[in-house]
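Some notes on the structure that comes next.
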Amino acid sequence: MPGRDLPLAAARMSAIDEPLDLGGDPAATTQAVALLRDLAPTGQRIEWRGRVTGPIDLSLLHHLPPPTELDDGTDDACDAKDTWARSHGFGSFYYRMGPGFLQVKDTRNPDSPSQTVLENPELIDVFTTCLTPTAVRHLEAPALRDLLRRRLLLLAGDLAVTLPCRLTRWPIPFFAI
């Protein structure tokens, strides 16, 4: 089988070669967020570099693996990267789905953790549709506004993307998150 002789450490790491753009181009931003969101719960170490090319609230992304380098066009890029690394925690923002409901746990800000249960079919539909970056014109406006207000989606230009991860691996002990 190919790759069987790889060291275990190599099998537990993903590296993204090109810097990911955040904040400038909406398609690049939402695709980067979706990629990091989908890689985060795999249990792999993720190495990536970021480039802030426009306005973006990076604190919305602190549940995602922090970049190894972050160029935000200022001398404080190191501060932004360090803040992200300090505030990052596995499982700090995730969702689970059940029959007819969706539960979101958000501890990105440990001083005000929240748990949200979505039962409204329109909210669940917009949330799950935005797992793939989606043009806002294709979404129910009231549900979109509600999910943005709850900080469950990221809006970049005319595209929206779901922020929380769906955990595929639970930490041990499971109550650690």
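The values are calculated or read from the model by the stated rules, or taken from the named source; none is laboratory data. It should be emphasised that the depicted structure is a prediction, and the values quoted were computed from it without experimental measurement. In this analysis, Cβ positions are derived from the backbone assuming ideal geometry, glycine residues included, and neighbour counts consider all displayed protein chains.
Being part of a strand (DSSP E or B), free of Cβ contacts under 8 Å to residues at least 24 places away in the same chain and surrounded by 15 or more Cβ atoms within 10 Å (Cβ to Cβ) holds for only one residue in Leu70, Leu35, and it is Leu70. Among the residues of the range 77-89, is there at least one that is of a type in the set (Lys, Arg), part of a loop (DSSP other than H, G, I, E, B), modelled with pLDDT under 95 and within 24 Å of Gly23 (Cα to Cα)? So far as the range 77-89 goes, no, none of its residues is of a type in the set (Lys, Arg), part of a loop (DSSP other than H, G, I, E, B), modelled with pLDDT under 95 and within 24 Å of Gly23 (Cα to Cα). Would you mind stating whether Gly3 is part of a loop (DSSP other than H, G, I, E, B), at pLDDT 85 or above and more than 15 Å from the chain's Cα centre (by Cα)? Considered against the rule, which asks whether it is part of a loop (DSSP other than H, G, I, E, B), at pLDDT 85 or above and more than 15 Å from the chain's Cα centre (by Cα), Gly3 comes out as no.
Could you tell me whether any residue of the range 52-67 is over 18 Å from Leu155 (Cα atoms), buried (at least 17 other Cβ atoms within 10 Å of the Cβ), under 11 Å from the mean Cα position of the chain (by Cα) and not β-branched (Val, Ile, Thr)? Yes. Applying the criterion of being farther than 17 Å from Lys81 by Cα and outside any helix (DSSP H, G or I) to the residues of the range 19-32, the residue that is modelled with the lowest pLDDT is Gly24. Regarding Leu147, is this residue at pLDDT 95 or above, within 27 Å of Gly24 (Cβ to Cβ), in contact with a strand residue (DSSP E or B) (Cβ under 8 Å, 6 or more places away or on another chain) and in a loop (DSSP other than H, G, I, E, B)? Spelling it out, it is not the case that Leu147 is at pLDDT 95 or above, within 27 Å of Gly24 (Cβ to Cβ), in contact with a strand residue (DSSP E or B) (Cβ under 8 Å, 6 or more places away or on another chain) and in a loop (DSSP other than H, G, I, E, B).
Residues that are touching a Cys at 6+ places or on another chain (Cβ under 6 Å) and surrounded by fewer than 18 Cβ atoms within 10 Å (Cβ to Cβ) within the range 38-51 comprise just one, Pro41.
Taking residues in the range 107-136 that are over 20 Å from Leu64 (Cβ atoms), and partners anywhere that are in a loop (DSSP other than H, G, I, E, B) and of a type outside the set (A, V, I, L, M), the pairs with Cβ atoms closer than 6 Å and at least 6 places apart or on different chains are Glu122/Glu140; Val126/Glu140; Ala135/Asp158; Val136/Asp158.
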